[in-house]
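Report on one structure; see the data block that follows.
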């Protein structure tokens, strides 16, 4: 090859690489631009999931710990936020369809979910606990042999139970509910013997109704909470991670946490 041809080939190669890079960058930027363009993002949530997201008794407004976090994140991004209640076991489909932009409602990070969606950086620790009636003689997993267990359909509680094969085989029946409130109502009514539930939600329920429930000694595993985001929404995720990190590490995040839990439980 002569030197002139090599120079032309070199220029063409550089041009192709630059154009390809620009194309990737343009594609990468689309999600954040779209969110900024419409001026808000939509949070999908189960609005019966206190203290993360639920309806206030006085005016039926959606409130909660995750609701306050999402509002603060939106404020720092210079946009608004809307909240859309969805059926929890179909929440990922709602995200994929574009009905919502994020799932922000005590969403546990699991390998199965990570195959379908992206997650923000974790912001809370959680455990899958087992609640029983306060007067129940049940204190450990083995005490529930032959008993009836309740849990929320499509939740990480269902996944946690399924992951403990020996315990799952030892119980008589699993009753699945649309939300945790219904499961706890059946627990109080003695239609189930125990409920598998997120610790944060369970302890909130106990605080609201002291002397009604207790938590047994054993749990079904520890986990992390994150915000669920479409895999294609890369720059939106990056921006959300950026503002979340700031919220977690400043006085605003601490104030939100203390408002709902009495102490700062946000991950640093």
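The values are calculated or read from the model by the stated rules, or taken from the named source; none is laboratory data. A quick note: this is a predicted structure, and the numbers were derived from the prediction, not measured. Note that each Cβ is placed from the backbone with ideal geometry, even for glycine, and that neighbours are counted across all protein chains shown.
Does residue 66 meet the test of being on the phi < 0 side of the Ramachandran plot, assigned by TED's automatic domain parsing to the domain that holds residue 239 and part of a loop (DSSP other than H, G, I, E, B)? Judged against the criteria, residue 66 is not a match. Of all residues in region 165-184, those being more than 15 Å from residue 147 (Cβ to Cβ) and over 23 Å from the mean Cα position of the chain (by Cα) number 1. Does any residue of region 233-254 turn out to be assigned to a loop (DSSP other than H, G, I, E, B) and at pLDDT 95 or above? Looking for residues that are assigned to a loop (DSSP other than H, G, I, E, B) and at pLDDT 95 or above, one finds at least one in region 233-254, hence yes.
Going through region 192-216 one residue at a time, which ones are out of contact with any strand residue (DSSP E or B) (no Cβ under 9 Å at 6 or more places or on another chain) and either touching a residue at least 40 places away in the same chain (Cβ under 8 Å) or surrounded by 17 or more Cβ atoms within 10 Å (Cβ to Cβ) (or both)? Give the derivation first.
Narrowing region 192-216 to residues out of contact with any strand residue (DSSP E or B) (no Cβ under 9 Å at 6 or more places or on another chain): 204, 207-211.
Listed by number, the residues that qualify are 204, 208, 211.
Does residue 237 meet the test of being within 26 Å of residue 30 (Cα to Cα) and in contact (Cβ under 8 Å) with a residue 12 or more places away in the chain? In short, yes.
Looking at this structure, is residue 139 part of a strand (DSSP E or B), out of contact with any helix residue (DSSP H, G or I) (no Cβ under 8 Å at 6 or more places or on another chain), touching a residue at least 24 places away in the same chain (Cβ under 8 Å) and within 26 Å of residue 203 (Cα to Cα)? In short, no.
Could you please let me know if residue 248 is more than 13 Å from residue 128 (Cβ to Cβ), out of contact with any helix residue (DSSP H, G or I) (no Cβ under 8 Å at 6 or more places or on another chain) and crowded, with 18+ Cβ neighbours inside 10 Å? Working first, answer last.
On the way: more than 13 Å from residue 128 (Cβ to Cβ): yes; out of contact with any helix residue (DSSP H, G or I) (no Cβ under 8 Å at 6 or more places or on another chain): yes; crowded, with 18+ Cβ neighbours inside 10 Å: yes.
Yes.
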